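Data first, discussion second: the structure below is written as structure tokens.
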Amino acid sequence: GQVHDKVSVSCSELASVYERVYCKYEVSMELMTRALEIDRELYGEENRQLAVGYDNLAGLHLKMGNYKDAEEMFGKSLAIKQKICGQTHRDVAHTACSLGLLCEELGRFAEADKWYKMGLDIRKQAFGP
């Protein structure tokens with residue numbers, strides 16, 4: 001059938017319920033992946049909505065201990081955000097800090113420090129000291 005942005009939103013909302021309320025991560029993953037597919041089809045590869053979808057999927061992968069997949073999804077989100085929003089946009093800071101958390105979980109502390117500092121620097125520029 002046809003894809004529609006409302007279906008994507010519904011998939012994302014339902015995925016959130018399955019993740020947070022029922023802790024059914026596999027079901028949540030399927031729904032998030034479907035939302036991402038719809039967003040990609042509707043908006044293309046370089047769209048903020050797609051970047052947010054990658055962030056959400058990465059967060060679930062992180063929660064499930066799928067660190068390689070989480071890093072890949074955060075990386076895709078970061079690349080999109082940097083391209084469409086610029087290097088110093090607050091959305092870039094959010095994903096940079098998420099990458100910091102991932103690296104911290106993996107014991108890659110120097111890399112985590114780099115990501116956290118990047119997020120902090122961007123937020124200082126956006127919001128002040």
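The C-beta contact set for the range 101-122 (first residue closer than 15 Å to HIS89 by Cβ and open to solvent by 60 Å² or more (accessible area, probe 1.4 Å), second residue of a type outside the set (Asp, Glu) and modelled with pLDDT under 95, distance under 9 angstrom, 6+ apart or interchain) comprises ASP121/THR88.
In the range 83-129, the residue that is farthest from LEU62 (Cα to Cα) out of those that are basic (Lys, Arg) and part of a helix (DSSP H, G or I) is LYS124.
Please find, among TYR43, TYR54, TYR67, TYR18, the residue that is of a type in the set (Ser, Thr, Tyr) and modelled with pLDDT under 95. So that I can check it myself, show each step before the final result.
On the way: TYR54 fails: modelled with pLDDT under 95; TYR67 fails: modelled with pLDDT under 95; TYR18 fails: modelled with pLDDT under 95.
Exactly one residue qualifies, and that residue is TYR43.
Run down GLU13, GLU46, GLU72 and say which single residue is open to solvent by 80 Å² or more (accessible area, probe 1.4 Å) and not in a helix (DSSP H, G or I). Talk me through it step by step, then tell me what you get.
Working: GLU13 fails: not in a helix (DSSP H, G or I); GLU72 fails: not in a helix (DSSP H, G or I).
Of the residues listed, the single one that is open to solvent by 80 Å² or more (accessible area, probe 1.4 Å) and not in a helix (DSSP H, G or I) is GLU46.
Count of the range 37-71 residues, restricted to those that are within 23 Å of GLU105 (Cβ to Cβ) and not charged (D, E, K, R), is 16. Of the numbered criteria (1) within 20 Å of LYS117 (Cβ to Cβ); (2) surrounded by fewer than 16 Cβ atoms within 10 Å (Cβ to Cβ); (3) not hydrophobic (A, V, I, L, M, F, W, C), the one TYR22 fails is (1). Residues being within 23 Å of SER10 (Cβ to Cβ) and free of Cβ contacts under 8 Å to residues at least 24 places away in the same chain are represented in the range 73-95 by at least one member.
The values are calculated or read from the model by the stated rules, or taken from the named source; none is laboratory data. Since the model is a prediction, treat every value here as computed from it, not as a measurement. Backbone-built Cβ (ideal geometry, glycine too); neighbour counts: all protein chains shown. Keep in mind that these areas ignore ligands, DNA and RNA; they rest on the heavy atoms of the full protein, side chains included. Shrake-Rupley method; radii C 1.70, N 1.55, O 1.52, S 1.80 Å.
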